[in-house]
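J.: Mind looking over this structure? Questions follow.
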Amino acid sequence: MHDMNRDVARHLRLLGELLEISGKEPYKIRAYYRAADTISRLASPVDDMDEARLTDLPGIGENIARKVIEYVKTGAIHELTELEESVPSGLVGMLDLDGVGPKTIHALWTKMGIEDIAMLEKAAKNRRLRALHGFGPKKEEAIIQAVAGYRRKTSRMTRKEAEELIGRIEPAFPGKNFTVAGSFRRGRSTIGDIDIVSTEAPARTNALLQEVADEIIDQGERKTSFSIGDRRVDVRFCTPAFAGTMLLYLTGSKQFNIKMREIALSRGEKLNEYGIEDREEGRTYTFPDEASVFSFLGMDYIPPELREDQGEIEHARRHTLPELVRETDIRGDLHMHSSWSDGALSIAELARLGEERGYEYIACTDHSASLGVAHGLDAARLAKQHHEIEMSNRSHSCRILAGIEVDILGDGSLGLSGPVLADCDLVIASVHSGFKQDRDVMTRRILSAMENEHVDIIGHPTGRLLGKREAYLVDMERIISAAADTGTALEINASPYRLDLDDIYVREAHDHGVMLSIGTDAHTREEAAAIRFGVGIARRGWCGKQDILNTRPFKGFFT
């Protein structure tokens, strides 16, 4: 098939799918599907055809023919663009799920308010889909598996991988006048492509990009696209005068940008990446930074992590946005491993690392022996470790908390006895086995641990490993509700390979008044720096300093 035919057919099919998602007339939907099929089977390229030749093709009338010509000439279909902006952007992504079609998406959106894959997965895992006509347990399970398959295929980068890629690009910007935008700047757990806004000279930057890129896809004065390996990078050049709106636009999210444009329109203005046009005066205002754009529109500055159209715009207009937690608020790391189990650092080295990072404390939370990890701690070795911790604390300003990461066994009991856990300063209880248990069993297993008086934190609560292992089936609504009742903290595991809890559940926990902790789960010195990733997830979940356990000073930590 010719490339242009393939592109036209894909866009016409998407137009039909979006019409079906929007609940439009069936005859119109069928017309676009039929036209897409016709063009996908053509032997001749459509870019050689005029309207008369197109309307001679079966299933293509004048209206669709004009859209084909529009796409050939401009690379877009105006009606499709309008449709994409009229529905939540996440609905389009749901079309990539096996077994989930436009009709199903329409029902999920209109009946249950589900707008993206994350919301769909959460509803399926919490068994809420079966309330919808035509859905049941088998359909829920099929959707969970479809989401898992989709995630395996999309192969997004971890934040650490994205940072490493950005490090390779930096030499092309010797003036450091660039900002990484998109999902990376918004603090997403995983990253697709990299979007960059730069005010550096395009000619010089383009020459330097030749040295770092594996392939230059497109190069120009306004935009350059290139690839490193299988990762795409887009650079948008702009002058400092309109850097504010360019960065705002490219940071997104799509739904956030749509809402911002609607606000400008309500004021008689047009917002785009080049500024804000006052339609009555015929004047365009430009802004050197994002804060000026928000101020012009009568809003408080919205941190990038919140820009998902989840109520942040309304709060900014009412001047009621929360003050989000910052990395400088963190007084210590509440999940680290030492050489007593499977870590690389001794107790003294943990203390020195904490001093270097300006921490007041670090929780040494080695694995319990029940896990089967080499050198996991039993009661006797834990007591010896406590003695070493006591000696270290006499000579270091960073206090080591004598903690443990105890295994939650298959029946909900813990890998160490109550008296042993009572001697610990901090107890993290985590699931490390039996991931295939069904949802109710797994949920009750974790709830049982939360009811144990010695458990302070539930570690990496869904067990996911990004790109490698899906979260186990667990009813997070029940877990969050129980955490609020029992006073148990839920961990935001800051490892870039986990970032567990996900920000959706962090927001829900925050809204229920649940305390959260941030721990790196570090086994090496380098891994301790991942605390920043956990803080980013906390910010995406609307958490302030008061919501995070390890923003407390050492003297107030146990109160």
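We did not get these values from a lab; they are worked out from the coordinates using the rules stated. No experiment lies behind these values; they were computed from the predicted model shown. Reconstructed Cβ throughout: ideal geometry from the backbone, glycine too, with neighbour counts over all protein chains shown.
J.: Just to confirm the number: angle between the C-alpha axis of helix 62-74 and the first principal axis of the chain, 0 to 90 degrees, nearest 10?
T.: 70 degrees
J.: What full-extension length gain, to one decimal in nm, is calculated for residue 193 and residue 111 as 0.36 nm per residue of separation minus the Cα-Cα distance? If you can, show how the numbers build up before the last one.
T.: On the way: separation 82, 0.36 × 82 = 29.52 nm, distance 3.27 nm.
Between residue 193 and residue 111, full extension yields 26.3 nm more.
J.: Checking the table 122/545; 176/254; 122/468 against a 21 Å threshold on Cα-Cα, which pairs fail?
T.: 122/545; 176/254
J.: While we're here: Between residue 127 and residue 555, how high is the FRET efficiency from 1/(1 + (r/R0)^6) when r is the Cβ-Cβ distance and R₀ = 45 Å? Nearest 0.05. Can you show the working numbers first?
T.: Working: r = 44 Å, r/R0 = 0.98.
Using R0 = 45 Å, I get an efficiency of 0.55.
J.: Go ahead and run the numbers for FRET between residue 156 and residue 62, Cβ-Cβ distance against an R0 of 51 Å, rounding to 0.05. Could the numbers behind the result be given before it?
T.: Details: r = 42 Å, r/R0 = 0.82.
Once rounded, the FRET efficiency stands at 0.75.
J.: Report, for region 421-523, the % of DSSP beta bridges that are antiparallel, rounded to 5.
T.: Of the beta bridges lying entirely in region 421-523, close to 20 percent run antiparallel.
J.: Quick check on my link table: of 28/103; 139/436; 139/259, which ones sit more than 23 Å apart, alpha carbon to alpha carbon?
T.: In this structure, 139/259 exceed 23 Å between Cα atoms.
J.: Also: Report the gain in length on full extension from residue 468 to residue 355: 0.36 nm times residue separation, minus Cα-Cα distance, nm rounded to one decimal.
T.: Here the answer is 37.3 nm.
J.: Please compute the modelled spin-label separation between residue 319 and residue 217, points set 7 Å along Cα→Cβ, answer in nm with one decimal.
T.: With each label placed 7 Å out from Cα toward Cβ, I get 4.3 nm.
J.: Are there any trypsin sites (Lys or Arg not before Pro) in region 164-273 that are in a DSSP loop and have at most 13 other Cβ atoms within 10 Å? List them by number.
T.: Here the trypsin sites (Lys or Arg not before Pro) that fit, given the DSSP loop and packing criteria, are 176, 222.
J.: While we're here: Could you tell me the center-to-center distance, by alpha carbons, between region 162-229 and region 496-547 in angstrom?
T.: 28 Å
J.: Is region 211-338 rounded, prolate or oblate when judged by the Cα gyration tensor, a ≥ b ≥ c being the square roots of its eigenvalues, rounded requiring a/c under 1.5 and prolate requiring a/b larger than b/c?
T.: Values: a/c = 2.37, a/b = 1.08, b/c = 2.21.
Oblate shape, in that a/c is at least 1.5 and b/c is the bigger or equal ratio.
J.: With charges only on Cβ, +1 for K and R and -1 for D and E, what is the dipole size of region 327-556 about its Cα centre, in debye, rounded to 20?
T.: 360 debye
J.: Let me ask another. Between residue 422 and residue 545, what length comes free when the chain is fully extended (0.36 nm per residue of separation minus the Cα-Cα distance, one decimal in nm)?
T.: Gain on extension, residue 422 to residue 545, equals 41.5 nm.
J.: For residue 441 paired with residue 41, estimate the spin-label separation in nm (one decimal), with each label point 7 Å from Cα along the Cα-to-Cβ line.
T.: The modelled label-to-label distance comes out at 5.0 nm.
J.: Another question, then. Report the Cα centroid-to-centroid distance between region 334-373 and region 21-79 in angstrom, as an integer.
T.: 63 Å
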